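Take a look at the structure set out below.
The values are calculated or read from the model by the stated rules, or taken from the named source; none is laboratory data. What you see is a predicted model, and the numbers here were worked out from it, not measured in a lab. Because the Cβ atoms are built from the backbone with ideal geometry, glycine has one as well, and the counts that use them run over all protein chains shown.
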Amino acid sequence: MLKNLKKHYFKLLAPTIALFLIYAGADFLGLEDYQNFTVPSFFPVLFLILASITSVAGPLFLRSFFAHSMRNEKNVPRDSFEKFQKGIISISMLTPFFAFIAIVSEFEKFYTTFIIMFSFYAVYYYFPGQKRIDFDKKIFRINE
């Protein structure tokens, strides 16, 4: 299960990393000869709210929903737990993409900083490490 979760994590994170590398390479080579497009004034606020939802509120809601739906079970099935973990990873891996948009669109530093901080939090906290998965298995009484 851990291998599948890590595979899912990196499959969702890889496109955003590729976008950052392409953008950095274009900047280094001076190929970014585009006019700075102006975004509507509500975009930075919208993306800050979306970043907070996808990094904190969404996974927390999904975790609460899963715990509530499994409250009467003696043991949680392994497949349900893996699906739950993949859902959390899927939601949280949207946040780095919002950071990419904030950087490319050159949002105000306040918004960009917080979007990047939410992105770092999502990438770090929702990495499917052995300790975190074991802890969640213990909490949700996963039958092996």
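Here's a check for you: in the range 69-82, which residue that is of a type in the set (D, E, K, R) and surrounded by 12 or more Cβ atoms within 10 Å (Cβ to Cβ) is modelled with the lowest pLDDT? Across the range 69-82, the extreme among qualifying residues is Glu73. Being farther than 27 Å from His8 by Cα, buried (at least 17 other Cβ atoms within 10 Å of the Cβ) and more than 11 Å from the chain's Cα centre (by Cα) holds for only one residue in Phe47, Phe107, Phe42, Phe66, and it is Phe107. Reported count of residues in the range 116-136, each being surrounded by fewer than 17 Cβ atoms within 10 Å (Cβ to Cβ), not in a loop (DSSP other than H, G, I, E, B) and not acidic (Asp, Glu), is 9. Residues that are over 25 Å from Lys3 (Cα atoms) and free of Cβ contacts under 8 Å to residues at least 40 places away in the same chain: does the range 117-130 have at least one? Looking for residues that are over 25 Å from Lys3 (Cα atoms) and free of Cβ contacts under 8 Å to residues at least 40 places away in the same chain, one finds at least one in the range 117-130, hence yes. The C-beta contact set for the range 57-84 (first residue in contact (Cβ under 8 Å) with a residue 12 or more places away in the chain and of a type outside the set (Lys, Arg), second residue outside any helix (DSSP H, G or I) and loosely packed, with under 15 Cβ neighbours inside 10 Å, distance under 6 angstrom, 6+ apart or interchain) comprises Asn75/Arg141; Asn75/Asn143; Val76/Arg141. Inspection of the range 9-31 identifies at least one residue that is within 21 Å of Gln130 (Cβ to Cβ), in contact (Cβ under 8 Å) with a residue 24 or more places away in the chain and in contact with a Pro (Cβ under 6 Å, 6 or more places away or on another chain).
Here's the yes/no breakdown for (1) charged (D, E, K, R); (2) touching a helix residue (DSSP H, G or I) at 6+ places or on another chain (Cβ under 8 Å); (3) within 20 Å of Phe42 (Cα to Cα):
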{"position": "Phe81", "(1), (2), (3)": "no, yes, no"}
{"position": "Ile88", "(1), (2), (3)": "no, yes, no"}
{"position": "Ser92", "(1), (2), (3)": "no, yes, no"}
{"position": "Phe97", "(1), (2), (3)": "no, yes, yes"}
{"position": "Phe100", "(1), (2), (3)": "no, yes, yes"}
{"position": "Ile115", "(1), (2), (3)": "no, yes, yes"}
{"position": "Phe120", "(1), (2), (3)": "no, no, no"}
{"position": "Gln130", "(1), (2), (3)": "no, yes, no"}
{"position": "Ile142", "(1), (2), (3)": "no, yes, no"}
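Out of everything in the range 22-58 that is over 22 Å from Tyr111 (Cα atoms) and aliphatic (A, V, I, L, M), what residue ends up being modelled with the lowest pLDDT? Filtering first and then ranking leaves Leu31.
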